[in-house]
Amino acid sequence: MALLYMCLVLACIAVVPMVTASGIVVNRLPWRIRTINGFSWANCDAETLPGKIKSLTLLPDPLYIPGEITVCTILNTSVPVESPAKVQVTAEKELMGEWLKIPCLDNLGSCTYDDFCDVLDDLIPPGQDCPEPLHTYGLPCHCPFKEGTYYLPVTSFEIPSLSIPSWFSHGNYRTKIVISHRDQEIGCAQLTFSLAGSYL
């Protein structure tokens, strides 16, 4: 389940297309995401690591925001995911045919999170029910995540209008997310997608 959070949560917050020395201009004007399209995923470890995505479907494509999203996923880990669960995110944006690494700024972009379990605890305080649809299906949202298979059946919910800094801009993105525990890699996923939107 932790890998799902990394794929869906970190993938979104890690694609901050700002360039300092590498060339992308930082623009902090408010910007609204209108569509996400061309989403694809892959396990980037030749599926040799103990944690992996078995399937992940996001529909429709393109996904209009605000709008309804349908999600279905199967995740598997043959080892428990425990604190400290280190997460390394490498986020890139395509610019003139080249992939440029997005730097880490304000905890967004190509960042390392020393313990993703702490991030989850900040987002969902321990003792509080897991958010929907996790609560309905009895899926956990805090470490440790036991070894086994985690299945989220086809589930639809509404995504509200998202107004964010225009660090997110039109273009193609890819992110690589690696989770490890005490220097042992547990899982690795690579996501690609495109964003389109408008300034407010």
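Given their separation in residues at 0.36 nm each and the Cα-Cα distance between them, residue 184 and residue 76 gain 37.2 nm when the chain is fully extended.
Taken one residue at a time, the phi angles of region 116-124 give Karplus couplings (6.51, -1.76, 1.60, θ = phi - 60°) of 5, 4, 5, 4, 4, 5, 5, 6, 10 Hz. Gly and Pro are set to x. Residues whose amide H lies under 5 Å from that of residue 44, counting only those 5 or more places away or on a different chain, are 188, 189, 190; hydrogens are built 1.01 Å from N in the peptide plane. Evaluating 6.51 cos²θ - 1.76 cosθ + 1.60 at θ = phi - 60° for every residue in region 86-96, the Karplus couplings come out as 6, 10, 10, 10, 10, 10, 9, 10, 7, 9, 6 Hz, glycine and proline recorded as x.
Taking a Cβ cut-off of under 13 Å around residue 155, the surrounding Lys, Arg, Asp and Glu residues balance to a net charge of -3, with basic ones at +1 and acidic ones at -1. For region 40-55, backbone phi angles converted through the Karplus equation (6.51, -1.76, 1.60; θ = phi - 60°) give residue-by-residue couplings of 8, 9, 7, 6, 9, 10, 6, 6, 9, 7, x, x, 7, 8, 8, 7 Hz, Gly and Pro being listed as x. Spin-label model, residue 156 to residue 64: label points 7 Å out along the Cα-to-beta-carbon direction sit 1.4 nm apart.
List the residues whose amide H sits under 5 Å from the amide H of residue 79, counting only those 5 or more places along or on another chain, with H placed 1.01 Å from N in the peptide plane. Sorted by chain and number, the residues that satisfy this are 148. How would you classify region 24-119 from its alpha-carbon gyration tensor, with a ≥ b ≥ c the square roots of the eigenvalues: rounded for a/c under 1.5, else prolate if a/b is greater than b/c, otherwise oblate? Because a/c hits 1.5 or more and a/b fails to exceed b/c, region 24-119 counts as oblate. The alpha-carbon of residue 146 sits under 14 angstrom from the alpha-carbons of these aspartates and glutamates, leaving out residues fewer than 8 places away in its chain: 82.
Taking amide H atoms as placed 1.01 Å from N in the peptide plane, the amide H of residue 95 lies under 5 Å from those of 100, each 5 or more residues away in sequence or on another chain. Solvent exposure of region 77-200, expressed per residue, is 53 Å² of accessible area, with all protein chains present and a 1.4 angstrom probe.
The values are calculated or read from the model by the stated rules, or taken from the named source; none is laboratory data. Quick caveat: nothing in here was measured; it's all calculated off a predicted structure. All Cβ positions, glycine included, derive from the backbone under ideal geometry; neighbour counts span all protein chains shown. Ligands, DNA and RNA are stripped out before the accessible areas are found, and what is left, the full protein with its side chains, is counted by its heavy atoms. Shrake-Rupley method; radii C 1.70, N 1.55, O 1.52, S 1.80 Å.
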